[in-house]
1. Please go through region 439-453 and give me each residue that is farther than 15 Å from LEU421 by Cα, assigned to a helix (DSSP H, G or I) and of a type outside the set (Gly, Ala, Ser), ordered by number.
2. Search region 335-351 for residues that are closer than 19 Å to THR396 by Cα and pair each with any residue that is among the basic types (Lys, Arg) and surrounded by fewer than 15 Cβ atoms within 10 Å (Cβ to Cβ) when their beta-carbon atoms are under 7 Å apart and the residues are at least 6 apart or on different chains.
3. Tell me, yes or no, whether region 150-158 has at least one residue that is in contact (Cβ under 8 Å) with a residue 60 or more places away in the chain and either more than 30 Å from THR180 (Cα to Cα) or over 60 Å from the mean Cα position of the chain (by Cα) (or both).
4. Is there a residue in region 208-226 that is within 28 Å of the chain's Cα centre (by Cα), open to solvent by less than 30 Å² (accessible area, probe 1.4 Å) and at pLDDT below 80?
5. When the residues of region 313-362 are narrowed to those that are crowded, with 18+ Cβ neighbours inside 10 Å, among the charged types (D, E, K, R) and in a helix (DSSP H, G or I), which ends up nearest to the chain's Cα centre (by Cα)?
6. Identify, by number, the condition in (1) open to solvent by 50 Å² or more (accessible area, probe 1.4 Å); (2) more than 19 Å from ILE334 (Cβ to Cβ); (3) touching a strand residue (DSSP E or B) at 6+ places or on another chain (Cβ under 6 Å) that ILE378 doesn't meet.
7. I'd like to know if region 418-432 contains one or more residues that are open to solvent by 40 Å² or more (accessible area, probe 1.4 Å), in contact with a Leu (Cβ under 9 Å, 6 or more places away or on another chain), over 17 Å from GLN370 (Cα atoms) and modelled with pLDDT under 75.
8. Can you tell which of GLU373, GLU385 is open to solvent by 10 Å² or more (accessible area, probe 1.4 Å), part of a loop (DSSP other than H, G, I, E, B) and of a type in the set (Asp, Glu)?
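The values are calculated or read from the model by the stated rules, or taken from the named source; none is laboratory data. Remember, it's a predicted structure, so these values are computed and weren't measured experimentally. Using ideal geometry, Cβ is built from the backbone for each residue, glycine included, and neighbour counts are taken over all protein chains shown. With ligands, DNA and RNA removed, areas are computed over all heavy atoms of the protein, side chains included. Shrake-Rupley method; radii C 1.70, N 1.55, O 1.52, S 1.80 Å.
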Amino acid sequence: MAGLDERASYQQRVMGPLLIVTVILGVLGLPVAVWLDLRLLSERVLRMQASEASRIIDDMRSYYGSDVVGRVLQSPGQVTVTHNYHDVPGAIPIPATLSIELGKRISAHDGSVKYHFVSDMPFKGREPHRLDDFEKDAIARLRANPQQTIVEVSGTILDKIVRTAAPVTMGPVCVSCHNTHPDSPKTDWKVGDVRGIQEISVNQPIFANVSSFKYSLIYLSLASMAGLACIFLQRRQEKLIRGMNQELTEANDFLAGISMKLAKYLSPQVYKSIFSGQKDVAIATERKKLTIFFSDIKDFTAISDRLQPEDLTELLNDYFTEMSAIALRHGATIDKFFGDAILIFFGDPDTKGVEEDARACLRMAVDMQQHMEHLNAIWRKRGIETPMCVRMGINTGFCNVGNFGSNDRMAYTIIGAEANLAARLQAIAEPGGICLSYETYALVRDMVRARPLEPIVMKGIKREVVPYAVEGLLGELAQRPQVIIEHVTGLDLFLDLDAIKQGEVERARRRLSEALAALEKSRLTAQAS
């Protein structure tokens, strides 16, 4: 467990700075990377534009020098202007031919910019240009509205092509030339008519600009590595936490098992108060008014002499188990078992008040005495002939209650003369009877019928104590179902009115009636003889 804690602590120390770096990278790195990439992209675009402009100007200068100035200088006579200037010595191209020839030169290079001068009505003898769909549509739309802008964007995910088309309109000179020229396909041109289009296309592969985003790529790479590192460390931390949870579960299971075992040595009220934190495990006591119960089995020494140790152990454990269940059902705190005696008290750590604690103790004692008849019936079937009789004493008074002992070993118990008085009351009780002190009798007198006994004097108690022997039950106790038990030669009777099922009552009455009839017949027969 300590190793896992150290590794978890190390993970926390590593995760903290890494998360801080990741946050700083995420907040500041992206804007900086985008700004640097935009600047780099702007510089790249400007360089490309300057390079393309320089190339186009070079093509124009070269064409002008060779096909215009050069032909003029070579002309032996007058210079003419014609569309088929190559076939006429000293001739130079008309504007439309100039645009077509320049387009061929500009587009002949492997550059990103292409230029075409196209028309659907070329002069006769001129090499025709096959119009594509964009060019046909552009000519038709511009003839309908020369002021509009024609743009088309096409391509794939790897490159994009932008094509624009502008109208070539007829001026006065162009109209005069075209309407009179023998090779013109149309002779009714008007000023402002659209003869064709100037088309410019720009091709830009996406990969060509990837290097312009190197800072963003670096940022994304670093962010990805930081994210992967966080995921890796998170997975390790998750694994460590799972291991810690597993160890905690095992430790909790172990502690739960230990606590359940320890609970067997403590009263449930004491156990709960300690594990809930209500009471501290320290040597400390307090003075409280308690109702103390003490019980003992009459002639247990003689009974133990007649039984084997194994049988005696089983009998005593059964007795303690049944009596403990009754005590806990009434809310008692079981102090201890010693020999065949039981010490129980009411009023700590839980209490319902002095009067109700005393009444609960009396109810418990009555239930125990009635249950003893049931236990004696069971033990008789096991071969224990002599029934066991329990004497019980109950006293109410102030005692010291809490943890007694040493720092290494302590016991939660009570001490005081009032506890000793409960033991003395038990000693003078009749077998199977309950003996009360006056303090207890005063609290429960509406529940029992009791007679006073001779006063007794006890060490530690200055007053004379008048014991009260319980002779009968009143109120709620008298209404409880009875257990009828009788064992004589030839008769083994046990009748528990609380345990018998409602559907078996009639059967029991029938059998008892048959038994009474048989006894009466036997009595008459004996009298007749």
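1. In the first step, residues of region 439-453 are kept if they are farther than 15 Å from LEU421 by Cα; the result is 442-452.
Next, from what is left, pick out any that are assigned to a helix (DSSP H, G or I): 442-444.
Across region 439-453, the qualifying residues are LEU443, VAL444.
2. Final answer for the pair search is LEU343/LYS336.
3. Looking only at region 150-158, we keep the residues that are in contact (Cβ under 8 Å) with a residue 60 or more places away in the chain, and these are none.
No, region 150-158 contains no residue that is in contact (Cβ under 8 Å) with a residue 60 or more places away in the chain and either more than 30 Å from THR180 (Cα to Cα) or over 60 Å from the mean Cα position of the chain (by Cα) (or both).
4. Filtering region 208-226 down to residues within 28 Å of the chain's Cα centre (by Cα) leaves 226.
Then drop every residue that is not open to solvent by less than 30 Å² (accessible area, probe 1.4 Å), which leaves 226.
Still in the list and also at pLDDT below 80: 226.
Within region 208-226 (the criterion being within 28 Å of the chain's Cα centre (by Cα), open to solvent by less than 30 Å² (accessible area, probe 1.4 Å) and at pLDDT below 80), the answer is yes, since at least one residue qualifies.
5. Applying the filter and picking the extreme gives ASP357.
6. Among (1) open to solvent by 50 Å² or more (accessible area, probe 1.4 Å); (2) more than 19 Å from ILE334 (Cβ to Cβ); (3) touching a strand residue (DSSP E or B) at 6+ places or on another chain (Cβ under 6 Å), the lone unmet condition for ILE378 is (3).
7. Within region 418-432, none of the residues are open to solvent by 40 Å² or more (accessible area, probe 1.4 Å), in contact with a Leu (Cβ under 9 Å, 6 or more places away or on another chain), over 17 Å from GLN370 (Cα atoms) and modelled with pLDDT under 75.
8. Numbers: GLU373 fails: part of a loop (DSSP other than H, G, I, E, B).
Selected residue: GLU385, the only one of GLU373, GLU385 that is open to solvent by 10 Å² or more (accessible area, probe 1.4 Å), part of a loop (DSSP other than H, G, I, E, B) and of a type in the set (Asp, Glu).
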